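Let me begin by presenting the structure, written as structure tokens, before commenting on it.
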Amino acid sequence: MTLEDAWRMWLESPRIQASSVLLGSILFSVLVLALFRRMVRLAAHTETEVDDILVDGLRGPLATTILAGGGWYVLHLGGLPEVVRWGLGGVIITVAALHWGVALSAASGRMLDWVAQRQDQHELITPRTRPIFDIGAKTLVYAGAAYFILLAWDVDVTAWLASAGIIGVAIGFASQDTLSNLIAGVFILADAPYKLGDYLVLDNGDRGMVVEIGIRTTRLMTRDDVEIIVPNKLMANVRIINQSGGPEEAFRIRIAVGVAYGSDIDLVHRTLRQLADTTPGVRATPEPRIRFRAFGDSALEHDLLVWVETPADRGLVTHDILTRIYKRFGELGIEIPFPKRDVYLHQVDPGA
């Protein structure tokens, strides 16, 4: 046997090949880790955080995949019982799938954090809706990892998927209202038609402050400390007045004031303006306004329009202004009329 033949036999030895593949896998994975460490330092100097998240999240799983590929190749070189190859192969794929699942789950969470902070560009993903998308992303990632793990152990996933589909359809029909509320809750959180602390008036007249926005329901607290629980499906399909909406939270109050016919209109207007300017809680800007609305049946009808800081101040400010109007009009002799009816009795001659 020549030296060349001996060298060829040595290279064709399964043990030598296995050792070479394992050593090469280890060296390659170390090289990949070193390369990614360099890429991490480079990504830290860029403006965006996306490359940092991707580089940091992929380096570990890639190194594990290289080692797993080397181990898988070694198992199939021969020399090992089928049961051993099957068991070790399942372990290798399981470890790699779990590593990818954990890494992708962490990367998706960091990516959602980054997107949620850029609310000017992404209105759907906000700090309030981030947990919903995080749960969905993690569910998809771990479901994919579980799928590959089941395949590694020769588990027939077709029957499982069929059963899951049937169960999902059954659950969907049985919980249509719940699913509708959940979907509506997601869109409410994303669209943000109202927020915590806003005063809402529902189409049935209920009014209260938003104290909780959940996935299934929205809770309002009335001024009587009564909590109103409204399913999100209804909140998404009814007309809602948000008294705290708009560019400012300031709220305008409309107070109807009637004075008797013959009253000095100029004096009435000056008095109402003075009372509005001196009432605590009334904003100086926008300025209070007085509007002569109509000639009523018994009174000259006016509206006093004032602004308060928040809708919660409506009740107290209205009380103070009405009290001041009543007292001041009494001092000035301005009559606040009540409805009057003139009744004429016509006497009929009995003999007619």
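Please work out if residue 200 is aliphatic (A, V, I, L, M) and either without any contact (Cβ under 8 Å) to a residue 60 or more places away in the chain or in a strand (DSSP E or B) (or both).
Judged against the criteria, residue 200 is a match.
This table checks each residue for (1) under 39 Å from the mean Cα position of the chain (by Cα); (2) closer than 16 Å to residue 264 by Cα.
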{"residue": "278", "(1), (2)": "no, no"}
{"residue": "282", "(1), (2)": "yes, no"}
{"residue": "286", "(1), (2)": "yes, no"}
{"residue": "290", "(1), (2)": "no, yes"}
{"residue": "306", "(1), (2)": "yes, no"}
{"residue": "311", "(1), (2)": "yes, no"}
{"residue": "315", "(1), (2)": "yes, no"}
{"residue": "331", "(1), (2)": "no, yes"}
{"residue": "334", "(1), (2)": "no, yes"}
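Looking at this structure, is residue 270 more than 21 Å from residue 205 (Cβ to Cβ), surrounded by 14 or more Cβ atoms within 10 Å (Cβ to Cβ) and among the basic types (Lys, Arg)?
So residue 270 fails the test.
Within segment 60-111, how many residues turn out to be farther than 26 Å from residue 35 by Cα and either in contact with a Phe, Trp or Tyr (Cβ under 8 Å, 6 or more places away or on another chain) or not assigned by TED's automatic domain parsing to the domain that holds residue 31 (or both)?
Result for segment 60-111: 2.
Are there any pairs, at least 6 apart or on different chains, whose C-beta atoms fall under 8 Å, with the first in segment 21-33 and under 10 Å from residue 63 (Cα atoms) and the second among the hydroxyl-bearing types (Ser, Thr, Tyr) and surrounded by 16 or more Cβ atoms within 10 Å (Cβ to Cβ), and if so, which?
29/64
Pick from segment 129-149 the residues that are buried (at least 16 other Cβ atoms within 10 Å of the Cβ) and more than 13 Å from residue 99 (Cα to Cα): which of them is farthest from the chain's Cα centre (by Cα)?
Looking at residues that are buried (at least 16 other Cβ atoms within 10 Å of the Cβ) and more than 13 Å from residue 99 (Cα to Cα), I get 138.
Could you say which residue among 299, 294, 276 is more than 16 Å from residue 335 (Cβ to Cβ), of a type in the set (A, V, I, L, M, F, W, C) and in contact (Cβ under 8 Å) with a residue 40 or more places away in the chain?
Of the residues listed, the single one that is more than 16 Å from residue 335 (Cβ to Cβ), of a type in the set (A, V, I, L, M, F, W, C) and in contact (Cβ under 8 Å) with a residue 40 or more places away in the chain is 276.
How do the pairs read when you match residues in segment 81-109 that are touching a residue at least 60 places away in the same chain (Cβ under 8 Å) with residues anywhere that are surrounded by fewer than 19 Cβ atoms within 10 Å (Cβ to Cβ) and of a type in the set (A, V, I, L, M), using Cβ under 7 Å and keeping only pairs 6 or more apart or on different chains?
89/75; 89/152; 90/152
Only one of (1) more than 26 Å from residue 313 (Cβ to Cβ); (2) of a type in the set (Val, Ile, Thr); (3) modelled with pLDDT of 90 or more is not met by residue 155, so which one is it?
Exception for residue 155: condition (3).
Could you identify the single residue in 65, 129 that is under 18 Å from residue 190 (Cα atoms) and in contact (Cβ under 8 Å) with a residue 24 or more places away in the chain?
Being under 18 Å from residue 190 (Cα atoms) and in contact (Cβ under 8 Å) with a residue 24 or more places away in the chain holds for just one of 65, 129, which is 129.
Do the conditions hold for residue 4, that is, is it among the acidic types (Asp, Glu), modelled with pLDDT under 85 and assigned to a helix (DSSP H, G or I)?
Against the criterion (among the acidic types (Asp, Glu), modelled with pLDDT under 85 and assigned to a helix (DSSP H, G or I)), residue 4 qualifies.
Could you list all residues from segment 242-261 that are without any contact (Cβ under 8 Å) to a residue 60 or more places away in the chain, touching an Asp or Glu at 6+ places or on another chain (Cβ under 8 Å) and more than 16 Å from residue 317 (Cβ to Cβ)?
Listed by number, the residues that qualify are 242, 245.
Residue-by-condition table, conditions (1) part of a helix (DSSP H, G or I); (2) assigned by TED's automatic domain parsing to the domain that holds residue 285; (3) of a type in the set (A, V, I, L, M):
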| residue | (1), (2), (3) |
| --- | --- |
| 164 | yes, no, yes |
| 204 | no, no, no |
| 223 | no, no, no |
| 238 | no, no, yes |
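In segment 81-94, which residues are aliphatic (A, V, I, L, M), farther than 11 Å from residue 148 by Cα and surrounded by 16 or more Cβ atoms within 10 Å (Cβ to Cβ)?
Correct list: 92 only.
The values are calculated or read from the model by the stated rules, or taken from the named source; none is laboratory data. Keep in mind that what you see is a predicted model, and the values were worked out from it rather than measured. For neighbour counting, all protein chains shown are included, and Cβ atoms are generated from backbone atoms with ideal geometry for every residue, glycine included.
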